[in-house]
1. Which entries of K326/K392; K270/K349; K133/K324; K133/K270; K167/K416 show an alpha-carbon separation above 28 angstrom in the structure shown?
2. Test of understanding: express the Cα radius of gyration of region 265-368 as a ratio to 2.2 N^0.38 Å, with N the residue count.
3. Could you give the length gained by full extension between A282 and R415, i.e. 0.36 nm per residue of separation minus their alpha carbon distance, to one decimal place?
4. Using the Karplus curve 6.51 cos²θ - 1.76 cosθ + 1.60 with θ = phi - 60°, what ³J(HN,Hα) values do you get for each residue of region 230-242, in whole Hz, with x for Gly and Pro?
5. Mind checking the full-extension length gain between E371 and E187? Use 0.36 nm per residue of separation minus the Cα-Cα distance, one decimal, nm.
6. Projected onto the charge dipole of region 293-425 (+1 at Lys/Arg Cβ, -1 at Asp/Glu Cβ, origin at the Cα centre), which of V359, S417, V377 gives the Cα projection farthest towards the positive end?
7. What is the percent of Cα-Cα separations in region 154-293 that go past 26 Å?
8. When the accessible area of region 241-297 is computed with all protein chains present and a 1.4 Å probe, what percentage of it is carbon and sulfur?
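The values are calculated or read from the model by the stated rules, or taken from the named source; none is laboratory data. In this text the structure is predicted, and so the values were computed from the model without any measurement. So basically every Cβ, Gly included, is an ideal-geometry build from the backbone, and we count neighbours across all protein chains shown. All accessible areas refer to the heavy atoms of the entire protein, side chains included, with ligands and DNA or RNA removed. Shrake-Rupley method; radii C 1.70, N 1.55, O 1.52, S 1.80 Å.
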Amino acid sequence: HHRRRRRRRRHRNTKEMRGTMKRVGLLCLAWSCVVGDVSSFTITSLNAARFQRAVASQQARTKQQHYNVDGTRRTTTKRRSSASSSSSSSSCSGLFMMDVVECDVVIVGGGPAGCTCALYTARADLHTVILDKNPAVGALAITSHIANYPGVDKSMTGQELLDQMRKQAIDYGCDYRRSQVFMIDIEEGGNSDTHSKIVYTPDGTFKARSLVLATGAMGRVSPPFPGEDTYLGQGVSYCATCDGAFYRDSEVAVYGMNLEAMEEATFLTKFASTVHWVTPSAPRPEDDEHVQELLSRDNVKHWPLTRLVSVQGDVSGVTGIEVKRKDMEENDIIPVEGAFIYAAGGGSKPITDFIGSKVDYKEDGGVMVNEDMETNVKGVFAIGDIRNTAFKQVVVAASDGCIAAMSIDKYLKGRKSVKVDWIHK
């Protein structure tokens, strides 16, 4: 009886695995048709190599099954029920079974540039979607006080100003969604009448007539930790919402103590058996509700005053992280299957990893645009700090958004000139 059950389960797991491999293969084929070779995609980016994660998902899927492809039992410290395995399978399969949303404008980034652009396009009756990774970690959001934005009281914080901008865009009909973009694609031969700009997220695929890149310039500029780039996509990740389901009932580590790190670690507690939160300093729970919430979770182990030294692994992927605790002579090895790194707390590098070679760049890494904020690709625009200008100010980012929105309206509606957004009475 037990042998029959094992055979049936082995057959089911193998069949599901083949289906996942087929979907991954189709995705690889589609990508190779666009860029000529899967390996040409940037896999050494410090912010993310989103496509590599899809390729590596089969390996993560194997880790979550009771049985390997050859039918041998997977070695694990904790056996899970069949129901848990099925839940993991569903979560992993969900990466490929996504909703498709068609719209006029997709804006990647919810900062002042993106929100201003959305405000104008929504007022122009264009179906607009904002995809925002995290509204609390951008350059404006982390600014304590705004003293030089016209019409704003100097006591207002950056987060409060951004909240008002976002609410204003939503009030005019913008569809705001919190989701991280891991890849974009642009169909050849597309025009203003076709949904030829495609944006991929863990929550769905968005097809738009025009695309706006507004992710800012807070990418890490510090060098990677030893092993970080080696195991990127094979256990090293920068997006818990993208990869969290791959680590159900596994141990993971989160390095960093900024707001993004805490929110991502809290999200991982839904899946991981243990979340090792490693911080270089000692946060004070009494001063931060996010720290309180994270440390209240039963499956969180905090490592304060601890530095990340390196990421350990082998051919199967990440196997652990090496850390150095303060006042300790020897380093510790924390055995984990996933390492989520949110170290430097932001930098000054334009965040363009999800774009790849789809648009042209300047020598300094900023996206190249014309006076209409349009890139070398018709219908694709770039605004705000992603252009890497010397004038990194909120008012400049907002003006970029306004220019792009009016240019989009002209492009989508076939006008020869822009239409003003004000009326004299």
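1. Details: K326/K392 37 Å; K270/K349 32 Å; K133/K324 31 Å; K133/K270 19 Å; K167/K416 31 Å.
Cα-Cα > 28 Å for K326/K392; K270/K349; K133/K324; K167/K416; rest within.
2. Against the empirical 2.2 N^0.38 Å value, I get 1.36 for region 265-368.
3. 42.1 nm
4. Per residue, the Karplus-derived 3J(HN,Hα) values read 5, 9, 5, x, 10, x, 8, 8, 10, 8, 5, 5, 7 Hz.
5. This chain segment gains 63.8 nm when fully extended.
6. My answer, from the dipole projection, is S417.
7. 44 percent
8. C and S atoms contribute 45 percent here.
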